[in-house]
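Novice: I have a structure here, written as structure tokens, and I will follow up with some questions on it.
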Amino acid sequence: MPTQIRHYKWEHPKPQRKSSLSWYLFAAVSLFGMFAWQGEYRSTFYVRRNVGFRRLDTDVITITTPDITPFDLICSAENPPIHAKLHNADHDKILHYNRTYGNALEKWNAHPEFPEVFLLEDFHYAAWTSNELKSEASAWSGARYVRGAGWSKPKQVDLSPSDVIELEGEYVAFHTWALGLFGHFAHDWLPTIAFLRSISPPNAKFLLVDHPTSREYLSFLDPKFFSRVVWIQQDQIFHIKGNLTVQIPVDIPNVYGCCFGWDPLRQWIAESHPDRIPNEQVPQKHVLFYTRSAASVENGRALDPKLEQQLLERIRLKLIQHGRDERVILFSGEDKDGNVLPLVNQFALMRGASTWIGPHGGALGGNFAWMDPFPKTCGDRPKILEFIPGSSTGKMPLYASTFGNIRKWPLDYHTLLYTPNSTDEFAYIDVEQFDDALDKMWGKPANTTAVMTTTGSVLESE
């Protein structure tokens with residue numbers, strides 16, 4: 001059978017500035033579509049398809065998201081997101097942060113929403129490398145091979161039959177950087193896996209490099225999909241006697257545009273884990289405070305212990321002032337015996353969180369996907385208050401934040417800068433700015449007569 005390649009190039013019209021007539025027409029059509037389809041929203045992508053190198057007619061592929069509100073329609077006032085809301089008494093620092101972070105994100109947002117996708121017939125495939133610097137895989141047939149970010153010329157092409165594992169049927173292969181890192185799997189692997197899942201036949205099997213982190217995440221997310229995964233080893237060579245779907249990203253690390261590109265992932269999670277809080281079993285949401293004091297945490301950035309206790313009491317006071325009947329749960333990612341919390345426990349904590357507060361770290365980058373996927377308006381979104389470096393340090397660059405990586409999740413994102421006395425070991429923030437950030441996130445306090453106290457506590461540990 002001759003080798004066939006079908007090339008899909010994804011295009012999507014982006015709304016113009018809000019002041020233009022075309023933007024209002026776009027918004028009107030979008031809203032009309034939501035009502036016309038009775039809650040089922042469809043993002044339509046126009047596909048240019050080639051067989052071999054011969055151009056054929058244009059087709060249309062539709063991705064449906066019936067259980068969620070599309071990202072673009074949740075909070076149009078902040079779309080596309082280019083930076084978090086920085087709270088600081090120095091207006092010049094706010095301007096510098098907005099400019100520096102915003103310029104970088106505007107470039108990211110200008111990229112295509114999705115990778116290019118190829119459907120290959122009768123090809124070989126191998127995943128070679130995945131670390132914090134690069135990703136490398138190959139797909140080839142004879143002298144022809146896939147080129148692009150994350151792809152390379154095959155290392156071996158003259159192989160004996162015993163060197164090759166043959167597979168028949170429909171397969172999808174995905175490989176990228178930072179294999180095994182919890183946060184990177186959530187924001188660099190999962191969104192593209194979800195996208196490929198949404199456009200692939202339901203019987204297609206996925207070739208993924210084996211790692212305990214990937215197994216744990218996918219087995220919890222969707223056991224049925226987990227059964228479709230063929231776990232492979234790096235440097236193994238496969239001959240797919242059938243169809244093989246692969247993708248070419250914009251770049252490695254994964255950089256895509258904004259902002260509906262993660263809707264397939266949010267829809268997938270909403271289908272697999274439709275839990276909504278509050279409910280009969282869990283009558284109220286809670287506030288999660290992330291502590292980096294756990295023994296397994298690397299790279300420092302723990303808050304000074306005395307400051308951490310002070311901030312926890314400030315949260316308690318502010319909850320009273322704002323009339324919010326919520327618990328505060330101290331979250332380290334570990335149980336009281338120092339064991340990593342199972343994902344089912346981390347899911348419950350994240351899904352029930354109205355607010356996440358804490359220093360920059362992998363716990364938010366790995367767990368954001370379990371937060372409420374169902375917001376319909378700006379005010380419905382879970383709130384984030386992340387503490388980030390206000391200057392470059394030995395371990396952390398200026399403004400190192402999770403925001404850019406997870407900006408396509410519906411979150412009301414706020415941030416505070418570490419103060420100049422912070423070190424690589426311990427971080428500090430300004431308590432008054434912390435109070436101001438809580439007030440800005442939660443609105444005008446309903447009860448300003450509440451006073452600070454160190455007796456009693458609503459704190460719980462997980």
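Novice: Per the 1.4 Å probe, what fraction of the accessible area of region 125-218, in percent, lies on carbon and sulfur atoms? Display every interim value, and only then the final one.
Specialist: On the way: 1930 of 3930 Å².
That share works out to 49 percent.
Novice: Run the accessible area of region 275-363 with a 1.4 Å probe and give the carbon-and-sulfur part as a rounded percent.
Specialist: Details: 1870 of 3890 Å².
Carbon-and-sulfur percentage of accessible area, whole number: 48.
Novice: Using the heavy atoms of the protein chains alone and a 1.4 angstrom probe, what is the accessible area of region 79-133 per residue in square angstrom? Display every interim value, and only then the final one.
Specialist: Working: 2660 Å² over 55 residues.
Heavy-atom accessible area per residue stands at 48 Å².
Novice: Continuing with this model, one more query. How high is the relative contact order of region 278-418, in percent, with contacts defined as C-alpha pairs under 8 Å that are six or more residues apart? List each step's numbers first, then the result.
Specialist: Values: 201 pairs, mean separation 33.6, N = 141.
Over region 278-418, the number comes to 24 percent.
Novice: To make sure I understand the rule: partners must be aspartates and glutamates, Cα under 16 Å from the Cα of K336, and not fewer than 8 residues away in the same chain. Which ones qualify?
Specialist: List returned: E460, E462.
Novice: Points 7 angstrom from Cα along the Cβ direction at Q156 and E280: gap in nanometres?
Specialist: 5.9 nm
Novice: Right, here's the next one. Packing-wise, with mean Cβ within 10 Å as the measure, how do 421-434, 376-389, 204-217 rank, highest first? Working shown, then result.
Specialist: Values: 421-434: 16.2, 376-389: 19.4, 204-217: 17.9.
The most tightly packed comes first, giving 376-389, 204-217, 421-434.
Novice: Might you work out the accessible area of H360 for me, using a 1.4 Å probe with all protein chains in place, and round it to the nearest 10 Å²?
Specialist: 30 Å²
Novice: If you average the C-alpha positions of region 368-430 and of region 100-135 separately, how far apart do those two centres end up, in angstrom?
Specialist: Centre-to-centre distance over Cα atoms comes out at 24 Å.
Novice: Moving on to the next point. Could you sort out which of K383/K440; K408/K444; K134/K224 sit more than 21 Å apart by Cα distance in this structure? Walk me through the numbers before you get to the answer.
Specialist: Values: K383/K440 11 Å; K408/K444 28 Å; K134/K224 30 Å.
Over 21 Å apart, Cα to Cα: K408/K444; K134/K224.
Novice: Also, I was wondering about something else. Hey, how many Å between the Cα centroid of region 184-212 and the Cα centroid of region 271-291?
Specialist: 26 Å
Novice: Using r as the Cβ-Cβ distance of D122 and V340, and R0 as 35 Å, what FRET efficiency do you calculate, to the nearest 0.05?
Specialist: Working: r = 43 Å, r/R0 = 1.22.
Calculated transfer efficiency: 0.25.
Novice: Grab the Cα-Cα distance for K376 and V230, subtract it from 0.36 nm times how many residues apart they are, and report the gain in nm with one decimal. Can you show the working numbers first?
Specialist: Details: separation 146, 0.36 × 146 = 52.56 nm, distance 3.64 nm.
Extra length from K376 to V230 when fully extended: 48.9 nm.
Novice: Once you sort the root eigenvalues of the Cα gyration tensor of region 293-432 as a ≥ b ≥ c, which label holds: rounded (a/c under 1.5), prolate (a/b larger than b/c) or oblate (the other case)?
Specialist: Numbers: a/c = 1.31, a/b = 1.26, b/c = 1.03.
Verdict is rounded for region 293-432.
Novice: Follow-up question, since we're still on this one. Please state the relative contact order of region 173-259 as a whole percent: Cα pairs under 8 Å, 6+ residues apart? Display every interim value, and only then the final one.
Specialist: Working: 68 pairs, mean separation 30.9, N = 87.
Dividing the mean separation by the residue count of region 173-259 yields 36 percent.
Novice: Also, quick follow-up: Per residue, how many Å² of accessible area does region 148-231 show with a 1.4 Å probe?
Specialist: Details: 3540 Å² over 84 residues.
Ligands and nucleic acids excluded, the figure is 42 Å² per residue.
Novice: What accessible area per residue comes out for region 324-392, rounded to a whole number of Å², with a 1.4 Å probe?
Specialist: Numbers: 2110 Å² over 69 residues.
So region 324-392 comes to 31 Å² accessible per residue, rounded to a whole number.
Novice: Can you tell me the FRET efficiency between E78 and A400 if r is taken as the Cβ-Cβ distance and R0 is 22 Å, rounded to the nearest 0.05? Intermediate results must be reported in sequence, preceding the final value.
Specialist: On the way: r = 22 Å, r/R0 = 0.98.
That pair, E78 with A400, gives E of 0.55.
The values are calculated or read from the model by the stated rules, or taken from the named source; none is laboratory data. Everything numeric here is computed off the predicted structure, so don't read it as measured data. Cβ atoms come from the backbone with ideal geometry, glycine included; neighbour counts cover every protein chain shown. Remember, those area values only see protein heavy atoms, side chains included, never the ligands or the DNA or RNA. Shrake-Rupley method; radii C 1.70, N 1.55, O 1.52, S 1.80 Å.
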